[in-house]
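Have a look at the structure below, then the notes.
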Amino acid sequence: MPDKYTVAFLGLGHMGVPMAANLVTAGHSVAGYDVVPAALEAAQSRQIPVAAGAADALAGADVVLTMFQSGQQVLDAYRGTGGGPGLLAAAAPGTMFLDCSTINVDEAREAARLAIEAGHRSVDAPVSGGVVGAEAGTLTFMVGAGDDDFEAVRPLLEVMGKRVVHCGAHGAGQAAKVCNNLILGVSMIAVSEAFVLGEKLGLSHQALFDVASAASGQCWALTTNCPVPGPVPTSPANRDYQPGFAGALMAKDLNLAVNALHSTGVTGRMGQLAAEIYDTFAAEGGAGRDFSAIITDIREKSATGAPAAHGTAPPPDAAGPGATTAGTATGNAPTAHDDGSPE
Ligand code: NAD
C-alpha cells in the first residue's frame with residue numbers, strides 16, 4: 001500500500017462524514033459517495049470531495065471503505081442490485097474492501113468471501129467511540145483480517161482512531177463488537193435496576209455509586225455512563241439523556257448479538273432478554289435517547305405502589321433516613337472512562 005491512500009468512502013452518514021474528513025485532513029485522497037443527496041451535501045460542507053456515483057468514487061481507489069447501516073446494505077452494494085454491477089465488479093483487481101459498518105458476524109464473513117472470490121482483499125473493522133470519537137479521530141477499531149491485510153489498513157485506521165485491535169480472521173472484528181455490546185447492554189440494565197431498587201429501599205444515588213463504583217459492581221455502565229444524574233457529571237443522564245449511544249443502536253447491536261448466539265448455539269438468556277428490553281425501549285420512544293435512559297423505563301414500570309415516584313425521577317439525594325451522611329465519599333471512585341462514548 002502507498003504512503004497516501006486513494007479511498008472510495010461510501011456511506012457518508014453520522015459516522016462516515018467525520019471519519020472521511022479526518023482522512024482528507026491527513027492528506028489521503030478521498031472520493032466520497034452516498035445514495036442520499038443530503039449526505040453528499042453534508043460531506044461537501046466538510047471539504048470532502050464527492051463523486052457522482054459509486055463507480056466514479058471507485059476509479060483509482062486502493063481502498064473501498066463502507067460505513068453503512070446494515071449487513072444487507074453491504075452485501076447488496078458488493079454484489080450489485082437491480083442488474084447493475086456491484087462494487088466488487090467495478091473495482092480494480094486486488095482492491096482492499098474495508099467495511100467499518102456494524103453488521104452480523106456471518107454477513108461479515110460472507111462479505112469477505114465474496115470479495116476474495118472476486119480477486120480482492122477484505123477487512124472487517126467495526127468501531128466504537130461514536131460520533132464524538134469519529135470527530136476526534138479517537139475511535140476504537142476491532143479488526144478481522146489476515147495479518148497482511150491488517151497491516152495494510154492499519155495506517156488508515158490509525159488516522160481515524162486511537163486504538164486498533166487485530167481480533168483475528170474475517171468476522172472477528174464484528175465478533176468482538178457484539179460480545180462487548182452484549183456485556184454493555186446487560187450491565188446497563190443491571191446498573192439501572194440496582195439504582196431503582198436503591199431508590200425504593202431509601203438509598204441515595206450517591207451512596208450506591210460510592211459503594212458500587214469501588215466494589216464488585218464496578219463497570220463502565222456505572223462509572224462512566226452512570227444512568228442517574230449527579231455521580232458522574234459527564235454522563236448523558238445529566239443532559240436529559242441526549243446520546244451518547246442511542247437506544248436504537250443498542251437495540252440493533254443486541255440483536256446482532258442474539259443472531260450470533262443463535263448461529264453458534266450459545267445459551268445466552270441475558271443477552272436475549274436485554275435485546276427484548278432494548279427493542280421495547282426503542283419502540284416506545286427511547287430510540288433517540290441515550291441507552292442509559294432505560295432507567296426511566298424501569299422506574300416508570302416500577303411505579304405501582306410507590307405514589308411518590310410516579311413516572312418521574314426522584315432527585316439524586318432522595319433517600320430515606322441516613323442518606324444525608326451516606327454517599328459523600330470522594331477520591332476513591334473511578335472517574336470518566338477515557339472514551340466518553342462506547343459507540
Ligand atoms: P447513518 O445511517 O448515519 O449512515 C449510513 C449511511 O450509509 C447513510 O447516509 C446511507 O444513505 C448510506 N448508504 C447506505 N447504503 C449505501 C450505498 N449502497 N452506497 C452509498 N451509501 C449508502 O449511520 P451511522 O450512524 O453513520 O452508522 C454507520 C454504521 O456505524 C452502522 O453500522 C452503525 O451501527 C455503526 N456505528 C454507529 C455509531 C454511532 O454512534 N452512530 C457508533 C458505532 C458504530
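The values are calculated or read from the model by the stated rules, or taken from the named source; none is laboratory data. Nothing here was measured: the structure is a model prediction, and the numbers come from that model. Here the Cβ is made from the backbone with ideal geometry for all residues, glycine too, and neighbour counts use every protein chain on show.
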Checklist entry - Failed condition for Asp76, given (1) within 14 Å of the ligand (Cβ to nearest atom); (2) assigned to a helix (DSSP H, G or I); (3) within 20 Å of Ala152 (Cα to Cα), with all others met? => result (3)
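Conditions tested, residue by residue: (1) at pLDDT 95 or above; (2) small (Gly, Ala, Ser); (3) closer than 19 Å to Val64 by Cβ; (4) within 15 Å of the chain's Cα centre (by Cα).
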residue: Val127; (1), (2), (3), (4): yes, no, yes, yes
residue: Gly133; (1), (2), (3), (4): no, yes, no, yes
residue: Gly137; (1), (2), (3), (4): yes, yes, no, yes
residue: Gly144; (1), (2), (3), (4): yes, yes, yes, no
residue: Asp149; (1), (2), (3), (4): yes, no, yes, no
residue: Leu156; (1), (2), (3), (4): yes, no, yes, no
residue: Lys162; (1), (2), (3), (4): yes, no, no, no
Next on the checklist: When you check Ala90 against the structure, is it within 9 Å of the ligand (Cβ to nearest atom), modelled with pLDDT of 95 or more, over 23 Å from Glu151 (Cα atoms) and buried (at least 19 other Cβ atoms within 10 Å of the Cβ), yes or no?
Outcome noted: no
Next on the checklist: Going residue by residue through the stretch 26-34, is there one that turns out to be within 17 Å of Cys100 (Cα to Cα), away from the ligand (no atom under 13 Å from the Cβ) and either in the same structural domain as Ala112 (by TED's automatic domain parsing) or not in a helix (DSSP H, G or I) (or both)?
Outcome noted: yes
Next on the checklist: Suppose we filter Ser122, Ser128 for residues that are away from the ligand (no atom under 16 Å from the Cβ) and hydroxyl-bearing (Ser, Thr, Tyr); which single one remains?
Outcome noted: Ser122
Checklist entry - Just for the stretch 35-49: of the residues that are surrounded by 12 or more Cβ atoms within 10 Å (Cβ to Cβ) and within 10 Å of the ligand (Cβ to nearest atom), which one is farthest from Val64 (Cα to Cα)? => result Ala42
Checklist entry - Residues of the stretch 27-50 being more than 22 Å from Ser122 (Cβ to Cβ), touching a residue at least 12 places away in the same chain (Cβ under 8 Å) and more than 24 Å from the chain's Cα centre (by Cα), which ones? => result Gly27, Gln47, Pro49, Val50
Checklist entry - Pick from the stretch 240-267 the residues that are in a helix (DSSP H, G or I) and away from the ligand (no atom under 16 Å from the Cβ): which of them is farthest from Phe281 (Cα to Cα)? => result Thr264
Next on the checklist: I'd like to know if the stretch 52-59 contains one or more residues that are of a type in the set (Gly, Ala, Ser) and more than 12 Å from the ligand (Cβ to nearest atom).
Outcome noted: yes
Item to check | Residue that is surrounded by 21 or more Cβ atoms within 10 Å (Cβ to Cβ) and out of contact with any Asp or Glu (no Cβ under 6 Å at 6 or more places or on another chain), where the choices are Gly202, Gly217, Gly247 | outcome: Gly247
Checklist outcome for this item: Scanning the stretch 190-235 for residues that are over 26 Å from the mean Cα position of the chain (by Cα) and not in a helix (DSSP H, G or I), the one nearest to Thr304 (Cα to Cα) turns out to be Leu201
